[in-house]
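**Q** Could you have a look at this structure, given as structure tokens, before my questions?
The values are calculated or read from the model by the stated rules, or taken from the named source; none is laboratory data. Please read all numbers here as calculations on a predicted model, not as lab measurements. Every residue, glycine as well, gets a Cβ built from its backbone with ideal geometry; the counts of neighbours run over all protein chains shown. Ligands, DNA and RNA are excluded from the accessible area calculation, which covers all protein heavy atoms including side chains. Shrake-Rupley method; radii C 1.70, N 1.55, O 1.52, S 1.80 Å.
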Amino acid sequence: MLPRLAEIEKDLLLRRKQAQEEHWLGEVEGIDSTLTFLRAKQAAAARLVKRTVANLGIPRPRPDSAGA
């Protein structure tokens with residue numbers, strides 16, 4: 001997921017540069033907003049990658065305590 005988000009960020013930065021050159025101020029503002037959300041998503045994804053996975057084992061049926 002992180003490599004794909006990096007690709008999207010690269011593309012957005014190129015589009016932002018073009019929008020600035022063309023003086024498309026609304027487009028620049030929209031891209032800036034999208035970049036903000038994208039970077040938050042990248043940070044969240046990076047945190048998930050760093051989390052360790054807990055080994056919970058294989059579930060087993062409980063022994064019958066009612067003595068049926």
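**Q** Return yes when Gly57 is out of contact with any Asp or Glu (no Cβ under 8 Å at 6 or more places or on another chain), open to solvent by less than 90 Å² (accessible area, probe 1.4 Å), in a helix (DSSP H, G or I) and not polar (S, T, N, Q) and no when it is not.
**A** No.
**Q** While we're on this one: Kindly list the number of the only condition in (1) more than 17 Å from the chain's Cα centre (by Cα); (2) modelled with pLDDT under 95 that fails for Ala45.
**A** The failed condition is (1).
**Q** Among the residues of region 17-52, count how many are among the aliphatic types (A, V, I, L, M), open to solvent by 100 Å² or more (accessible area, probe 1.4 Å) and in contact (Cβ under 8 Å) with a residue 12 or more places away in the chain.
**A** Number satisfying all stated conditions: 1.
**Q** Would you check if there is a residue in region 6-16 being open to solvent by 90 Å² or more (accessible area, probe 1.4 Å), outside any helix (DSSP H, G or I) and touching a residue at least 12 places away in the same chain (Cβ under 8 Å)?
**A** Among the residues of region 6-16, not one is open to solvent by 90 Å² or more (accessible area, probe 1.4 Å), outside any helix (DSSP H, G or I) and touching a residue at least 12 places away in the same chain (Cβ under 8 Å), which makes the answer no.
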